[in-house]
Structures are given as structure tokens and as C-alpha cells.
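Enquirer: Take a look at this one; I'll ask things after.
The values are calculated or read from the model by the stated rules, or taken from the named source; none is laboratory data. This one's a predicted model, so the numbers in the text were calculated from it and none came from an experiment. Neighbour counts are summed over all protein chains in view; Cβ atoms, including those assigned to glycine, are modelled from backbone coordinates with ideal geometry. Keep in mind that these areas ignore ligands, DNA and RNA; they rest on the heavy atoms of the full protein, side chains included. Shrake-Rupley method; radii C 1.70, N 1.55, O 1.52, S 1.80 Å.
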Amino acid sequence: MSYFRTVSRIIVASALLLASCGGGSASSSSNAGLVDIGAGLEGVAGLQATIYAGGLTHAAAFAVDAQGRLWVATADYSDRGKDGVYLVAATGATPVEIVSGLHTPLGLLWHDGTLFVASKTRVDAYSALQGSRFSAHRTVLTLPTGVGEVNNIVLAPNGRLLVGISAPCDHCTPASKYSGAILSFTTSGTDLQVYASGIRAPVGLTFVPGTSDLLVTMDYRDDLGAKTTGDALAVVRAGTAWGNPACYGQGGAACSGVPTTTATLDRHAAVSGVAVVTGQLGAGVGTSAIVAEWALGKVQRVALDTRGSTSPGNVTPFVTGIKNPVAVSLAAGNALLVGDWSSGTIYRIGVAP
């Protein structure tokens with residue numbers, strides 16, 4: 001079952017419960033201070049939004065290659081094996097499907113001339129692009145059936161790959177050690193290790209530039225309604241255990257020994273993509289993690305300290321007006337790209353001239 005289908009079904013039930021209880025956001029729910037920044041969006045003053053590309057319905061993951069071109073993976077509401085990877089060669093260019101027939105690809109990474117694609121139960125590598133097709137393809141990693149959603153993939157400073165794997169259930173204890181975990185392996189797919197465990201849904205992964213701090217967006221349990229503390233952004237270090245399903249950010253004995261998160265986000269928000277800016281968007285944004293909340297149509301800003309990510313951050317609205325934001329990535333020209341999963345529109349956000 002698709003990540004988006006699973007989340008959507010649970011979000012509806014949770015939203016009804018929150019409304020009946022008068023519940024709301026654990027983070028800032030106000031859009032106060034946001035202004036019109038163009039392209040139908042409201043955002044932080046001093047920014048400008050334009051449309052970078054369209055026609056990419058269900059855009060779920062981004063990667064930028066060495067030539068500065070945008071690659072987009074699409075992941076449908078239902079897994080029908082018809083998802084793909086598209087190339088957007090330049091601003092306004094028509095997307096070209098390069099890889100087809102995929103199952104829920106939620107992670108893309110360009111490294112050393114190779115495109116790594118994380119999708120249902122696997123990671124694949126594509127290289128030697130010729131026209132609109134890759135002439136070389138290899139399977140990097142195959143995971144057990146039913147392990148859970150395979151999410152974002154990143155390159156660690158030590159040259160290994162990391163990928164987030166959701167638990168295959170909302171609040172059970174998974175049978176596989178690879179479920180509800182972040183996995184580490186070589187670019188050839190060998191030496192598979194559990195990097196961190198007990199994370200219900202580690203969806204977005206990114207390293208803070210110049211550090212070994214891995215920032216991860218975490219979707220917490222959805223069966224608790226208003227009792228949940230909210231989804232989270234956290235620095236996840238090797239060897240840490242995060243206590244799912246007993247610990248979901250509430251503290252107390254159930255969370256004894258569990259690391260502290262960097263920020264608490266909205267309840268049942270289906271937090272997804274994350275990117276770190278370190279001044280590219282001006283002093284008003286500064287050094288921040290930009291986090292997409294798919295279910296609530298918000299893009300949030302989490303202020304980080306000058307070293308990057310080690311201090312708890314304040315959460316404030318960054319951009320609204322995108323129905324279902326998922327993929328977030330830095331792009332050439334000191335800009336940020338944000339994709340709307342519903343409309344297939346990719347927005348470019350930069351400093352206003």
C-alpha cells in the first residue's frame with residue numbers, strides 16, 4: 001500500500017478526533033507574519049516564489065545532478081507499479097520520464113555519476129544516461145517483503161548510504177530489525193547495518209552541511225488522536241534507539257534513554273521532506289531546516305543554531321498555499337524547490353530582487 005494512501009486514511013480519522021476534542025497543533029498554527037511572495041503562495045517576507053515546473057503529479061522526491069538539473073520521483077496514492085523518475089532539464093522545461101514502472105519511489109540521490117532510487121523493498125542504481133534512458137542498471141539492495149515503506153536516501157560523510165524504513169504498522173513492534181529503522185550500507189549494497197532503530201517512520205533525511213548531524217523527520221503514531229505530542233524533527237546519531245511504539249515524544253518512563261528531538265511539529269502532519277538552508281534565503285530565514293507537512297499543507301521553518309542542528313529549534317510557518325508539500329531540496333542559484341504532490345507543481349523560492 002502506498003505511503004500516501006496509508007497516511008491519508010489515518011489522518012482523516014485523527015483530524016475528526018482532534019476537532020471533537022478541540023485539539024490542534026503542537027507547533028505554531030498561525031500564519032501571522034507571512035506575506036504574498038508570488039505564485040499563489042504566502043511566505044516569509046523578503047522571499048519570492050515562482051513556478052519552476054509543472055505536470056509532475058504525485059512528486060515525492062527530488063535530486064539535483066552535477067549539471068544542476070532536477071530529477072523528480074513520482075509516487076501515486078495507490079501502488080500500481082506505474083510510478084517513475086523524471087528529468088526537468090531547466091526552469092520551465094517539460095518533464096521527461098527516464099525511468100518507468102516503479103513502485104512508490106520515495107528517495108532519490110545522485111552520487112558519483114549514479115542515480116540511486118529507493119522504492120518498495122529495494123534500492124536501485126542507474127547510470128550512463130543516453131538520451132532519455134539509462135543504459136546501465138543494477139540492484140543495490142533488496143529488503144524483505146513487508147518490511148515497510150522505503151523512504152528517503154542520503155549519502156553520509158563517510159561515503160555510505162542511509163535510507164529510512166517505516167514500520168509496516170501504526171503502533172506494533174515490527175518483526176524485522178530493518179523495520180522502523182534507518183539502515184546503512186555501501187554504495188555497492190554490501191555490509192547492511194542498522195544505523196538507528198525504534199523510529200516509527202523516518203521519512204525525510206538530510207545532513208546539515210559541514211557536520212555529521214543527520215536530521216530526520218519522524219511521523220509518530222496516529223492511533224492516539226489528541227494525545228500525540230506531534231510529529232518531530234530530530235538529529236539521529238548512529239546506534240541510537242527511539243523507543244517506538246511505546247515512546248512517541250511524550251516523555252516519562254516510556255521514553256527513558258531516548259534522545260531529545262530538535263523540534264516538535266504539528267500533530268498528524270505526515271512530515272516528509274526536509275532541507276537545510278544556511279543563509280541562501282537571507283537573514284530572515286538564516287540557518288534553518290525547512291520541513292514539509294503533507295497532510296496539513298504547510299511548509300515549516302525550524303530555526304537551528306549557528307553550528308547547524310544541535311540545539312532545539314523554534315518552529316514557525318515558512319510557506320503556505322501548497323496543498324500537499326512533500327519533496328524539498330536546495331537548487332542552484334541559492335534557491336529552494338518545494339513540490340506539491342497533489343498538483344504536480346514545483347515551486348522555486350528564493351530571495352526577492
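Enquirer: Restricting attention to region 90-113, report how many residues are open to solvent by 60 Å² or more (accessible area, probe 1.4 Å) and among the β-branched types (V, I, T).
Expert: So the count comes out to 3.
Enquirer: For region 82-114: of the residues being in a loop (DSSP other than H, G, I, E, B) and aliphatic (A, V, I, L, M), which is farthest from S127 (Cα to Cα)?
Expert: Here the answer is A93.
Enquirer: Related question: Considering only residues that are crowded, with 19+ Cβ neighbours inside 10 Å and either of a type in the set (S, T, Y) or more than 19 Å from E293 (Cα to Cα) (or both), which ones fall in region 39-62?
Expert: L47, Y52, A53 - these are the residues of region 39-62 that are crowded, with 19+ Cβ neighbours inside 10 Å and either of a type in the set (S, T, Y) or more than 19 Å from E293 (Cα to Cα) (or both).
Enquirer: Here's another thing I want to ask about it. Being at positive phi and touching an Asp or Glu at 6+ places or on another chain (Cβ under 8 Å) is the filter here, so list the residues in region 234-287 that pass it.
Expert: Of everything in region 234-287, those that are at positive phi and touching an Asp or Glu at 6+ places or on another chain (Cβ under 8 Å) turn out to be H268, A270.
Enquirer: Quick one: T260 ticks every box in (1) more than 28 Å from T240 (Cα to Cα); (2) open to solvent by 10 Å² or more (accessible area, probe 1.4 Å) bar one, so which box is it?
Expert: Evaluating T260 over (1) more than 28 Å from T240 (Cα to Cα); (2) open to solvent by 10 Å² or more (accessible area, probe 1.4 Å) leaves (1) as the failure.
Enquirer: Right, something else. Of the residues S166, S179, only one is under 27 Å from G243 (Cβ atoms), at pLDDT 95 or above, within 15 Å of the chain's Cα centre (by Cα) and not hydrophobic (A, V, I, L, M, F, W, C); which?
Expert: Of the residues listed, the single one that is under 27 Å from G243 (Cβ atoms), at pLDDT 95 or above, within 15 Å of the chain's Cα centre (by Cα) and not hydrophobic (A, V, I, L, M, F, W, C) is S166.
Enquirer: Can I ask one more? Of the residues A283, A269, A254, which single one is in contact with a Leu (Cβ under 9 Å, 6 or more places away or on another chain) and either buried (at least 18 other Cβ atoms within 10 Å of the Cβ) or among the small types (G, A, S) (or both)?
Expert: Result: A269 is the single residue among A283, A269, A254 that is in contact with a Leu (Cβ under 9 Å, 6 or more places away or on another chain) and either buried (at least 18 other Cβ atoms within 10 Å of the Cβ) or among the small types (G, A, S) (or both).
Enquirer: So is T229 within 17 Å of I182 (Cβ to Cβ) and touching a Gly at 6+ places or on another chain (Cβ under 7 Å) or not?
Expert: No; evaluated as a whole, the condition is false for this residue.
Enquirer: Which condition from (1) over 17 Å from the mean Cα position of the chain (by Cα); (2) over 21 Å from L106 (Cα atoms) is the one that G198 breaks?
Expert: (2)
Enquirer: Does V147 meet the test of being more than 18 Å from the chain's Cα centre (by Cα), of a type in the set (V, I, T) and under 22 Å from D191 (Cβ atoms)?
Expert: Taking the combined requirement at face value, the residue satisfies it.
Enquirer: Just the residues that are buried (at least 23 other Cβ atoms within 10 Å of the Cβ) and among the polar types (S, T, N, Q), please, taken from region 322-350.
Expert: If the condition is that a residue be buried (at least 23 other Cβ atoms within 10 Å of the Cβ) and among the polar types (S, T, N, Q), then S329 is the only one that fits.
Enquirer: Could you please find all residues in region 75-103 being over 23 Å from V203 (Cα atoms) and touching a Phe, Trp or Tyr at 6+ places or on another chain (Cβ under 7 Å)?
Expert: T91, P95, V96, E97, I98
Enquirer: Please enumerate the residues belonging to region 121-133 that are crowded, with 16+ Cβ neighbours inside 10 Å and not in a strand (DSSP E or B).
Expert: Matches in region 121-133: T121 only.
Enquirer: Does region 72-89 hold any residues that are open to solvent by 20 Å² or more (accessible area, probe 1.4 Å) and of a type in the set (D, E), and which are they?
Expert: D76, D79
Enquirer: Now, a different point. When you look at A136, is it of a type in the set (A, V, I, L, M) and either open to solvent by 30 Å² or more (accessible area, probe 1.4 Å) or at pLDDT below 95 (or both), yes or no?
Expert: When the stated conditions are applied, A136 passes them.
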